[in-house]
Amino acid sequence: MELVLFIGVQASGKSTFYQQQFFHTHVRISLDLLRTRHRERQFLETCLRTRQRAVIDNTNPTRVERKEYIDASRDAGFQVIGYYFQSLVQDCKQRNEQRGPEHRVPLRGLLGTYTRLELPARSEGFNQLYFVRQIGGGFAVEEWQDEI
């Protein structure tokens, strides 16, 4: 079984990527939907207990934030696959502005996440790690190279 962990600033394409790549195979666990860490934890625990593949569709900007998901998943015998989404501030800001008002993230929040963003490393416990960037209406996915 596998847990997929997304990493990237708001409006970097994470939820769209989920819809295109994982919608039919993985449960989506997202604070945007569940609203509280308690609910999120319950969903994650259920997925791990029932051996259900899942995607953590949050920003997950720091190693500390990612560690909780990685440790719990590995303890349950899951493979952990990370996807780092290219997070160029100007591009994310522009995509964010194109969202409807109810889905738009305040600029302050987007910039705050960007300043906290730490590049992932395989040493965090990832079995596989990928770099994702948006190209037109699609995505290019490459193996992580430990540098960008």
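Assorted remarks:
- Degrees, to the nearest 10: 107-116 long Cα axis against longest axis of the chain: 50
- Base-10 log of normalised Debye intensity for the stretch 2-143 (one unit scatterer per alpha-carbon) at q = 0.13 Å⁻¹: -0.54
- Least to most buried among Lys14, Lys93 (fewest other Cβ within 10 Å first): Lys93, Lys14
- DSSP finds beta bridges in the chain, and of those with both partners inside it, around 25 percent are antiparallel.
- Per residue, the chain reaches -11500 deg cm²/dmol at 222 nm when only DSSP H runs of four or more residues are counted, each adding -39500 (n - 2.57).
- Each residue of the stretch 70-78 was assigned a 3J(HN,Hα) from its phi angle through the Karplus curve 6.51 cos²θ - 1.76 cosθ + 1.60 (θ = phi - 60°); the sequence is 5, 4, 4, 5, 5, 4, 8, x, 8 Hz, with glycine and proline shown as x.
- Across the stretch 38-53, rounded Karplus estimates of 3J(HN,Hα) from the backbone phi angles (6.51 cos²θ - 1.76 cosθ + 1.60, θ = phi - 60°) give 4, 4, 4, 4, 4, 4, 4, 4, 5, 4, 5, 5, 8, 6, 8, 5 Hz, Gly and Pro being marked x.
- Magnitude of the charge dipole for the chain, about its Cα centre and with charges confined to Cβ atoms of Lys, Arg (+1) and Asp, Glu (-1), is about 460 debye.
- Top of Glu97, Glu68, Glu45 by mean-square fluctuation, Gaussian network on the chain, Cα under 10 Å: Glu68
- In this calculation the C-beta distance from His103 to Asp146 is compared with R0 = 41 Å, giving a FRET efficiency of 0.80.
Each reported figure results from applying straightforward, stated rules to the coordinates on display, with no laboratory input. Since the model is a prediction, treat every value here as computed from it, not as a measurement. Because the Cβ atoms are built from the backbone with ideal geometry, glycine has one as well, and the counts that use them run over all protein chains shown.
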